[in-house]
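Novice: Below you'll find the structure I mean.
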Amino acid sequence: MLVSSGWLLRRSSGHGSWACSHSPTQLSNPPPKVEHFENEPADYSVGFVLDGFFLCVVWGMAVYDRAYEPVALALNHVAGSRDRRMREVADTLWRFFGHQGVSWVGFYTIDDVQENMVLGPSRDTPACSPIGLHGACGKVWRTGRPMIIGDVVNLGAEYVACDPRDKSELVIPMFDDGGNCWGVLDVDSRERDAFCEADLQGLRRILEATGLSWPKGHLDAIVY
C-alpha cells in the first residue's frame, strides 16, 4: 500500500479543490496494480513529501516529481542585491523544472505607489508588464495568501493571459521583515493541475532560504 509520512492531497474531479492531511496516511482503496493507473478516472491527485522529495501521482494525467532539495543546494551561496537573488532563483528554477511541466517562472514586484505589479527577473519568454493589481498576482499581493490555480479558466475575468497556452498557475507572496508583501513568485504550466501544496511548500522554503521572503505565519492557499 502507499503510505506517506508527510502530505496527502486529494483533488475533487473538475473542481481543483484540495484536501490536505499532515499526518501519516494510508490510501484505503488503491488500485490493485500500478500499471492500471492510466486506466483509472482522473478523480483525484495524490502528493507525497518524503524527506524533501516530492512525488506527484495524478490519475489519468501527466506525472511529475519535483525535488526541491537539489534546488536549495544550488542556491545555497546566493547573495547580493534582491534583484540578483531573484535572477538566480528564476534561472535555477527554470533549469531544474523547465522540463517538468513548468512553462514560465518569474517575479512581479509592487511599484512605489502600489498601483501596479511590475515584471522582475523571469524565464523563459516575455510576459505582461505592468499588470495593475488584478489577476492572480494582484490578488496574492492584496491578500498575502498564495494561490494554487488548477485551471486558469476558473479565474474568469480575473485571469491575465500573458500566454494563452498556459492552463494552471501557482503564485506565492514574498514578505519583508515588517510583514509587508513586496512581490510574488509566479509559476505557470501549459497543463492543468500542474501544481499542488507540495510545490507551494518547496518553493516557499526556497524563497525564505534565499532571503527573498521573511519567514512569518503562513496563510492557507486560495485554491481554484
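Novice: Amide H of E191 versus every other amide H placed in the peptide plane: which residues, excluding those fewer than 5 positions away on the same chain, fall under 5 Å?
Specialist: The list, which skips near neighbours in sequence, is K167, S168.
Novice: Let me ask something additional. Could you compute the net charge surrounding G211? Neighbours are other residues with a C-beta less than 15 Å from the C-beta of G211; K and R count +1, D and E count -1.
Specialist: +2
Novice: Could you go through the range 141-149 in sequence order and give the Karplus-derived ³J(HN,Hα) for each residue, using 6.51 cos²θ - 1.76 cosθ + 1.60 with θ = phi - 60°, rounded to whole Hz, and x for Gly and Pro?
Specialist: Rounded to whole hertz, the list is 5, 5, 8, x, 10, x, 10, 10, 10.
Novice: Okay, next question. Place a point 7 Å from Cα of L73 in the direction of its Cβ. Which residues in the range 196-223 have their backbone N less than 17 Å from it?
Specialist: Under 17 Å, as judged by backbone N against the label point of L73, lie 206 of the range 196-223.
Novice: On to the next question. Could you pull out every residue, at least 5 positions away or on a different chain, whose amide H is within less than 5 Å of the one on R66? Hs are placed 1.01 Å off N in the peptide plane, and Pro or chain starts have none.
Specialist: Counting only residues 5 or more places away or on other chains, the set is F54, C56.
Novice: Sticking with this one: When averaged across all projection directions, what area in nm² does the alpha-carbon convex hull of the range 83-224 cover?
Specialist: Spelled out: convex hull of the Cα atoms, projected over all directions, averaged, 7.5 nm².
Novice: Just to check I understand the Karplus step: with θ = phi - 60° and J = 6.51 cos²θ - 1.76 cosθ + 1.60, what whole-Hz values come out for the range 125-136, glycine and proline as x?
Specialist: These are the phi-based 3J(HN,Hα) values: 9, x, 9, 5, 5, x, 10, x, 10, 9, x, 4 Hz.
Every number here is computed from the coordinates shown, using simple stated rules; none is lab data. Keep in mind it's a predicted model, so treat the numbers as computed, not measured. Cβ atoms come from the backbone with ideal geometry, glycine included; neighbour counts cover every protein chain shown.
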